[in-house]
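Colleague: Could you have a look at this structure, given as structure tokens, before my questions?
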Amino acid sequence: MRRGLISRSKAELPDAVLDARIARVRAPMGAAGLDALLLYTNNTRAAGVSWLTGFVPYWSEALLVVPRDREPVLVAALTYRVKSWIERTSRLAEVIHGPRIGLEAARLIAAWKGDAAVGIADFDGLAAGIVEDLRRGGPRLRLSDATGLFARVRAEADPAEIALAMRAAAIAQHALAQPPERGASLGEIIAAIEAQARTDGAEEVYVAAAPDLGRDRRLRRIEGEVALGESFALRATVAYKGAWIRLTRTFPRDDPVRPQEAAAARLAAAVAKLPSPDGFAGFSSWLVEGCRIAQPLEPLMGSRVATAHALAPSALVSVQAAFEIEGRPLLVGAPALVGGPGEAASLLVTPF
């Protein structure tokens with residue numbers, strides 16, 4: 001369950017932007033002969049529905065129904081008492097409430113057209129019970145996998161999405177730039193980062209740490225007190241109005257606020273070659289994450305990603321890399337925008 005305030009700013013996410021995204025989806029729907037598109041959302045898989053409507057759930061689950069010739073409808077398992085909140089924070093024609101979202105969505109579509117062709121984004125990730133209810137509520141509906149269709153439309157970031165990601169990145173950058181008090185424990189440092197990010201408007205913030213880079217470079221959530229090594233790394237994952245980014249920086253214990261200019265430059269040079277992975281040759285590990293369907297940060301390519309996904313031009317991603325400079329281990333990462341044809345990719349902000 002989310003803890004931060006979720007609200008909608010029409011200045012940052014105007015109706016016209018959401019309408020244009022719906023139109024972008026409807027064009028390939030028509031070419032594919034689909035009468036409706038379904039997208040599932042919950043608090044961990046919110047990115048697809050929030051991109052189309054602005055709706056971000058605190059908890060529970062919902063199905064977004066995008067008809068080819070009608071306005072979008074949200075079928076939510078949330079109770080009726082949150083209806084007005086959903087309507088205030090979303091661009092929707094109607095909100096329907098019911099505990100069995102698959103059944104309600106299927107009945108809705110079948111009432112429009114009994115044998116409608118319905119594409120489902122991330123069909124394989126949809127719970128079996130919801131699929132069964134879709135078949136029960138609309139026995140003549142023709143269900144198909146529309147994952148590829150939606151992923152192709154979703155891949156390119158528009159100016160509004162880029163602006164929200166830059167705001168999220170600025171929040172993370174400011175939070176990680178706060179100098180820890182001398183002698184502060186790791187728990188106290190993390191608490192200060194989270195507090196600053198929320199003060200700056202983050203809907204959600206998660207901080208992971210590698211407490212001793214000399215021993216272990218893996219980032220993890222910290223519980224309890226953990227001793228810090230000669231250098232440690234922190235990664236802030238920040239959500240702002242549905243846009244998620246990651247920012248990672250290394251803190252040498254002897255000078256925790258000194259900018260790591262060489263590390264930032266090396267990361268920027270590697271990122272500039274995206275979508276090609278060639279810039280990361282020689283890095284001990286690296287990872288590129290982004291949104292394809294519903295997960296806001298899904299592994300797309302990297303040193304440990306078995307099946308890489310091609311990066312589309314103008315895609316928003318978050319990049320993380322591990323390497324050494326002058327024998328010192330470093331973890332560094334920042335959000336980036338993949339360039340268009342003939343353009344270099346670039347970081348949205350520097351990690352430091």
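Values quoted throughout were computed directly from the atomic coordinates according to the rules given, and no laboratory measurement underlies them. Here the structure is a predicted model, which means the values were calculated and not measured. Methodologically, a virtual Cβ is constructed for each residue, glycine included, from the backbone with ideal geometry; neighbour enumeration extends over all protein chains shown.
Colleague: Considering the Cα trace of the range 159-347, what is its radius of gyration and what is Dmax, both in angstroms?
Modeller: 15.9, 49
Colleague: Highest GNM mean-square fluctuation, the chain, Cα pairs closer than 10 Å: which of P180, P341, P99?
Modeller: Maximum fluctuation in the GNM of the chain, among the listed residues, is at P341.
Colleague: Write down, largest first, the equivalent ellipsoid semi-axes of the range 15-154 in whole Å, where each equals the square root of 5 times an eigenvalue of the alpha-carbon gyration tensor.
Modeller: So the equivalent ellipsoid measures 20, 18, 14 Å along its semi-axes.
Colleague: I'd like the FRET efficiency for V131 and E298, computed as 1/(1 + (r/R0)^6) with the beta carbon distance as r and R0 of 22 Å, rounded to 0.05.
Modeller: 0.55
Colleague: Oh, and also: With 10 angstrom as the radius, rank S276, S231, S60 by how many other C-beta atoms surround their C-beta, starting from the fewest.
Modeller: Ranked by crowding around the Cβ, least crowded first: S276, S60, S231.
Colleague: If you don't mind, there's one more thing I want to ask. So how strong a dipole does the chain carry about its Cα centre when Lys and Arg Cβ are +1 and Asp and Glu Cβ are -1, to the nearest 20 debye?
Modeller: Value, rounded to 20: 700 debye.
Colleague: Against the longest principal axis of the chain, how steep is helix 15-32, in degrees 0 to 90 to the nearest 10, with axes from Cα atoms?
Modeller: Long axis of 15-32 versus the principal axis of the chain: about 60 degrees.
Colleague: Over the chain, what is the relative contact order in percent, taking alpha-carbon pairs closer than 8 angstrom and at least six residues apart?
Modeller: 15
Colleague: Moving on to the next point. In a solvent-free Debye calculation with one equal scatterer on each Cα, what is log10 I(q)/I(0) for the range 96-228 at q = 0.13, 0.14 Å⁻¹, listed in the order of the q values?
Modeller: -0.81, -0.84
Colleague: Mind sorting T79, T307, T147 by how few other Cβ atoms lie within 10 Å of their own Cβ, fewest first?
Modeller: The most exposed by this proxy come first: T307, T79, T147.
Colleague: Something else about it: As a test of the formula, what do you get for the chain when each DSSP H run with n ≥ 4 contributes -39,500 (n - 2.57) and the sum is divided by the residue count, at 222 nm and rounded to the nearest 500 deg cm²/dmol?
Modeller: When only DSSP H runs of four or more count, the value is -9000 deg cm²/dmol.
Colleague: Sticking with this structure for a sec: So how strong a dipole does the range 66-112 carry about its Cα centre when Lys and Arg Cβ are +1 and Asp and Glu Cβ are -1, to the nearest 20 debye?
Modeller: 100
Colleague: Related question: Roughly how many whole Å is it from the C-alpha centroid of the range 322-348 to that of the range 90-133?
Modeller: 40
Colleague: Considering only C-alpha atoms, what is the centroid distance from the range 1-69 to the range 165-205, in Å?
Modeller: Centre-to-centre distance over Cα atoms comes out at 29 Å.
Colleague: Related question: Specify which residue in the list G224, L297, T350 is farthest towards the positive end of the charge dipole of the chain, using unit charges on the beta carbon of Lys, Arg (+1) and Asp, Glu (-1), about the Cα centre.
Modeller: The listed residue farthest towards the positive side: L297.
Colleague: Related question: Quick one, which of (i) 21.3; (ii) 24.6; (iii) 20.6 is the actual Kirkwood radius over Cα pairs in Å calculated for this model?
Modeller: For Kirkwood radius over Cα pairs in Å, the calculated option is (i).
Colleague: In whole percent, what relative contact order does the range 37-115 give with Cα contacts below 8 Å and a gap of six or more residues?
Modeller: 25
Colleague: Against the longest alpha carbon principal axis of the chain, how many degrees, from 0 to 90 and to the nearest 10, is the axis of helix 186-199 turned?
Modeller: For 186-199 against the chain, the angle is about 50 degrees.
Colleague: Under 8 Å for C-alpha pairs, at least 6 residues apart: give me the relative contact order for the range 15-154, rounded to a whole percent.
Modeller: 23
Colleague: Based on the Cβ-Cβ distance of A344 and R221, what FRET efficiency does E = 1/(1 + (r/R0)^6) give at R0 = 41 Å, to the nearest 0.05?
Modeller: The pair A344/R221 has a calculated efficiency of 0.75.
Colleague: Right, next: Neighbouring Cβ atoms within 10 Å as the yardstick, rank Y206, Y40 fewest first.
Modeller: Ordered by Cβ neighbours within 10 Å, fewest first: Y206, Y40.
Colleague: What length, rounded to one decimal in nm, is gained on full extension from A191 through to A111, with 0.36 nm per residue of separation minus their alpha-carbon distance?
Modeller: Computed gain between A191 and A111 is 23.7 nm.
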